[in-house]
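Remarks on the structure that follows.
The values are calculated or read from the model by the stated rules, or taken from the named source; none is laboratory data. What you see is a predicted model; the values in this text were computed from it and never measured. Here the Cβ positions follow ideal geometry from the backbone for every residue, glycine too, while neighbour counts run over all protein chains shown.
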Amino acid sequence: MKLVKLTNIILLVLCLGMVSCSDGEDGAQGPQGIQGKKGDTGDTGQQGEVGENGENGADGANGDGYDELTQYGHITMNVSGTRPDGVAFEDTATFKFTTTEYPFSTISENDNATYFDTVRFLSTPDDVYQASYITLNLGIQNFEEEGMEILGFETFGLENYPVVGEDHKYFILNANNNNLNAFGEIENLTFDAADRNHATYSYSIVLPAENNSSGHELQVSGEVDVYLLEQL
């Protein structure tokens, strides 16, 4: 009898265990929790200081410059006439450059005559591209003596000078006094041997059509202010 009761008790316990292990329905989801506070932003690092500018480098050595190329003076030129296409023109220029190899300013004697021989370039001299220049060779009889007489230009030349018009048309002006006697009007001639043979004068020339590339008569005038060298 006791064995039967014990068996029934064991069966009852097993049944209760099986019932408790069966899946039950899920309960309702609980409310969402409150979001936590945002953390504080970290400190920004300090910006570094800008470094000081370095010192400027030393200037390079100068090559032949303005002073070297213009130290022997200049020639101004005013020219007026008619272009090859028949249009009147006027032009002005200052020829101020020499080369450093040869000064192109000399004074010389020949047959009781003195010659001021001067060449000036329009821009820095070059073998090809800067070849525009003016040349004047003035003859003077009995120079710095009683009865001094200005003979005029033994040589006058203008080479590769560009004349540019307001209509954007141009021509290259070349002029000379080949096959002409000494000519040209010279005024206000001064000469100071103590000041590096400093010579100044004004000039005025009329060039016939056959002596210049415009094909028309030209009037040329200007001022000469140069320092002359004597060859040993």
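Of everything in the range 168-178, what is free of Cβ contacts under 8 Å to residues at least 24 places away in the same chain and farther than 22 Å from residue 95 by Cα? Give them in sequence order. Once the filter is applied, which keeps residues that are free of Cβ contacts under 8 Å to residues at least 24 places away in the same chain and farther than 22 Å from residue 95 by Cα, the range 168-178 yields only 168. Within the range 138-170, the residues that satisfy the criterion of being assigned to a strand (DSSP E or B) and more than 33 Å from the chain's Cα centre (by Cα) are 138, 139, 140, 141, 149, 150, 151, 152, 153, 154, 155.
In the range 138-156, the residues that are at pLDDT below 90 form Cβ pairs under 6 Å with partners that are among the aromatic types (Phe, Trp, Tyr) and not in a loop (DSSP other than H, G, I, E, B), at six or more places apart or across chains, as follows: 152/183. Filtered by the rule that a residue be of a type in the set (Phe, Trp, Tyr) and farther than 24 Å from residue 204 by Cβ, the range 86-106 gives a lone residue, 102. Of all residues assigned to the range 94-106, none qualifies as being assigned to a loop (DSSP other than H, G, I, E, B), at positive phi, surrounded by fewer than 19 Cβ atoms within 10 Å (Cβ to Cβ) and over 23 Å from the mean Cα position of the chain (by Cα). The criterion of being part of a loop (DSSP other than H, G, I, E, B) and modelled with pLDDT of 95 or more does not hold for residue 127. Answer with yes or no whether residue 47 is out of contact with any Asp or Glu (no Cβ under 6 Å at 6 or more places or on another chain), loosely packed, with under 14 Cβ neighbours inside 10 Å, at pLDDT below 75 and part of a loop (DSSP other than H, G, I, E, B). Considered against the rule, which asks whether it is out of contact with any Asp or Glu (no Cβ under 6 Å at 6 or more places or on another chain), loosely packed, with under 14 Cβ neighbours inside 10 Å, at pLDDT below 75 and part of a loop (DSSP other than H, G, I, E, B), residue 47 comes out as yes. Total residues in the range 82-93 satisfying the condition of being assigned to a strand (DSSP E or B) and either surrounded by fewer than 17 Cβ atoms within 10 Å (Cβ to Cβ) or in contact with a Lys or Arg (Cβ under 6 Å, 6 or more places away or on another chain) (or both): the figure is 6.
For residues in the range 212-232 being part of a strand (DSSP E or B) and among the small types (Gly, Ala, Ser), which is surrounded by the most Cβ atoms within 10 Å (Cβ to Cβ)? Among them, the one singled out is 222. Which of the residues belonging to the range 133-169 are acidic (Asp, Glu) and within 21 Å of residue 202 (Cβ to Cβ)? Answer for the range 133-169, where residues must be acidic (Asp, Glu) and within 21 Å of residue 202 (Cβ to Cβ): 144, 149, 154. Based on what the data block shows, is residue 118 surrounded by 20 or more Cβ atoms within 10 Å (Cβ to Cβ) and in a strand (DSSP E or B)? Considered against the rule, which asks whether it is surrounded by 20 or more Cβ atoms within 10 Å (Cβ to Cβ) and in a strand (DSSP E or B), residue 118 comes out as yes. Residues in the range 176-211 that are among the polar types (S, T, N, Q), at pLDDT 95 or above, part of a strand (DSSP E or B) and surrounded by 14 or more Cβ atoms within 10 Å (Cβ to Cβ): 200, 202.
Residue 183 meets the conditions (1) more than 33 Å from the chain's Cα centre (by Cα); (2) of a type in the set (Phe, Trp, Tyr); (3) under 30 Å from residue 100 (Cβ atoms) in every case but one. The failed one is (3).
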